[in-house]
Amino acid sequence: MSRPGLKVFAPASVANVAVGYDILGFAIEGPGDEIIINEGNRPGLHIKGVRGTTKKLPTETEKNTAGYAGLQLMKHLGYEKEAVEIEIFKKMPFGSGLGSSAASAVAGAFAVNEFFGAPLTKKELLRFAVEGEQIADGAWHADNVAPSLMGGIILIRDNESLDCIKLPVPTGLYSCVIYPHISILTKESRAILSDTVSLQNHIKQNGNLGYFVAGLYRTDLDLIQRSLEDVIIEPQRAQLIPHFYEMKEAALSEGALGFSISGAGPSVFALCQNSLIAENIGERLNKLLSDQGIENDVFVSKINTEGAYKY
Ligand code: HSE
């Protein structure tokens with residue numbers, strides 16, 4: 001049976017969001033991964049090419065996050081003997097802390113699902129996308145994958161069972177992400193973290209996470225502002241990011257609701273109550289880093305509430 005080709009897009013995302021290491025993330029608009037999927041000429045899922053990146057990403061299906069996620073889904077659906085070909089267009093920086101491998105894995109699983117007539121819901125696809133992302137850093141967590149797939153701000157109660165929910169997004173909430181062009185490997189950024197948390201920090205972080213979620217439900221920006229403080233992960237990782245605390249001070253003085261590291265870094269993000277504040281922070285931090293000779297990209301966007309979509 002002949003199936004028409006199609007194109008999908010999965011957005012970049014900000015994981016952890018200061019107070020929810022491995023359990024909180026939101027999707028942004030603009031950067032992400034695009035995949036074109038078509039019938040192939042030999043059985044199985046094959047990768048025709050990866051474009052848009054100077055980094056050499058694997059084109060072997062089993063070693064590529066998009067390929068692996070798509071293939072696992074094909075197996076699950078009983079279509080592994082079908083001939084399918086994908087082409088990946090990276091429209092976002094790789095190794096930036098913006099969930100590049102997650103966006104690829106989501107796009108891979110989502111493309112295959114759409115190609116076969118969308119038999120699974122996005123929630124049902126989540127597992128396959130996480131399986132794909134896992135081959136990138138070896139860890140099982142959905143804080144980039146879930147928002148990239150489903151959009152919005154996602155809270156994960158349990159990564160193992162992928163029990164997660166979409167939180168409300170207050171109107172007007174904007175994010176400003178700054179990506180300094182330095183390389184941090186997620187694996188290494190995870191490896192430096194201490195295995196233990198003091199009781200005092202556990203109490204503080206729990207209070208902050210609870211207030212952050214309450215702030216979203218109540219559309220209370222004051223609660224959000226008071227709660228966006230990471231006392232566990234940020235103090236350990238800030239040393240990896242040049243001028244982190246100068247950037248933080250600048251962003252907060254411009255009126256950010258909060259500022260922290262995006263995922264494993266090196267990107268950082270500010271949550272803002274409107275686009276003007278987000279734009280101002282972007283300009284100021286771009287200048288701050290440029291003055292220090294650090295090239296950087298700024299992404300200002302609303303919270304993306306849609307997630308992956310088909311063109
Ligand atoms: N929660 C993850 C981390 C996101 O901070 O390591 C990056 O994969």
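Taking the stated definitions as given, is L125 in a helix (DSSP H, G or I) and open to solvent by less than 10 Å² (accessible area, probe 1.4 Å)? Yes. Within 16 Å of the ligand (Cβ to nearest atom), over 22 Å from N144 (Cβ atoms) and at pLDDT 95 or above: is that true of Q273 in this structure? For Q273, the condition - within 16 Å of the ligand (Cβ to nearest atom), over 22 Å from N144 (Cβ atoms) and at pLDDT 95 or above - is not met. For the stretch 276-285, the set of residues classified as crowded, with 16+ Cβ neighbours inside 10 Å and not charged (D, E, K, R) consists of I277, A278, N280, I281, G282, L285, listed by residue number.
Taking the stretch 2-26 as the search range and keeping residues that are hydrophobic (A, V, I, L, M, F, W, C) and surrounded by fewer than 24 Cβ atoms within 10 Å (Cβ to Cβ), which one is farthest from the ligand (Cβ to nearest atom)? Among residues in the stretch 2-26 that are hydrophobic (A, V, I, L, M, F, W, C) and surrounded by fewer than 24 Cβ atoms within 10 Å (Cβ to Cβ), the one farthest from the ligand (Cβ to nearest atom) is L6. Just one of the numbered conditions (1) free of Cβ contacts under 8 Å to residues at least 40 places away in the same chain; (2) away from the ligand (no atom under 16 Å from the Cβ) is not true of A238: (2). Every condition in (1) farther than 21 Å from A238 by Cα; (2) in contact with a Leu (Cβ under 9 Å, 6 or more places away or on another chain); (3) not in a strand (DSSP E or B); (4) not charged (D, E, K, R) holds for I165 except the one numbered (3). Here K187 clears all of (1) assigned to a helix (DSSP H, G or I); (2) at pLDDT below 95; (3) open to solvent by less than 50 Å² (accessible area, probe 1.4 Å) except the condition numbered (3). Open to solvent by less than 20 Å² (accessible area, probe 1.4 Å) and not small (G, A, S): is that true of L98 in this structure? Yes, satisfied. Pairs are defined by a Cβ separation below 7 Å, a sequence spacing of at least 6 or placement on different chains, a first member in the stretch 177-189 that is over 7 Å from P266 (Cα atoms) and outside the structural domain of P31 (by TED's automatic domain parsing), and a second member that is in a loop (DSSP other than H, G, I, E, B) and open to solvent by 50 Å² or more (accessible area, probe 1.4 Å); the pairs so defined are H181/E295; K187/G138. The residue list E62, E29 contains one member that is open to solvent by 10 Å² or more (accessible area, probe 1.4 Å), part of a strand (DSSP E or B) and in the same structural domain as I135 (by TED's automatic domain parsing), which is E29. Tell me whether the stretch 119-137 contains one or more residues that are assigned by TED's automatic domain parsing to the domain that holds G40, more than 16 Å from the ligand (Cβ to nearest atom) and touching a Pro at 6+ places or on another chain (Cβ under 6 Å). No, the stretch 119-137 contains no residue that is assigned by TED's automatic domain parsing to the domain that holds G40, more than 16 Å from the ligand (Cβ to nearest atom) and touching a Pro at 6+ places or on another chain (Cβ under 6 Å). Here is the figure for the stretch 190-227: residues that are in a loop (DSSP other than H, G, I, E, B), among the small types (G, A, S) and within 16 Å of the ligand (Cβ to nearest atom) total 1.
Taken as a whole, the structure places V231 among residues that are part of a loop (DSSP other than H, G, I, E, B) and either within 28 Å of D33 (Cα to Cα) or without any contact (Cβ under 8 Å) to a residue 40 or more places away in the chain (or both). Taken together, L167, L162 contain a single residue that is away from the ligand (no atom under 14 Å from the Cβ), on the phi > 0 side of the Ramachandran plot and of a type in the set (A, V, I, L, M), which is L162. Going by the conditions given, is G293 part of a loop (DSSP other than H, G, I, E, B) and either within 16 Å of the ligand (Cβ to nearest atom) or open to solvent by 60 Å² or more (accessible area, probe 1.4 Å) (or both)? Answer is yes for this residue.
Determine whether the stretch 85-108 contains at least one residue that is of a type in the set (F, W, Y), out of contact with any Gly (no Cβ under 8 Å at 6 or more places or on another chain) and either assigned to a helix (DSSP H, G or I) or at pLDDT 95 or above (or both). Taking every residue of the stretch 85-108 in turn, none turns out to be of a type in the set (F, W, Y), out of contact with any Gly (no Cβ under 8 Å at 6 or more places or on another chain) and either assigned to a helix (DSSP H, G or I) or at pLDDT 95 or above (or both).
Looking across the stretch 32-59, not a single residue is at pLDDT 95 or above, within 21 Å of S262 (Cα to Cα) and surrounded by fewer than 18 Cβ atoms within 10 Å (Cβ to Cβ).
The values are calculated or read from the model by the stated rules, or taken from the named source; none is laboratory data. As the structure is a prediction and not an experimental result, all values here were calculated from the model. Using ideal geometry, Cβ is built from the backbone for each residue, glycine included, and neighbour counts are taken over all protein chains shown. What goes into the accessible areas is simple: the full protein's heavy atoms, side chains included, and nothing from ligands, DNA or RNA. Shrake-Rupley method; radii C 1.70, N 1.55, O 1.52, S 1.80 Å.
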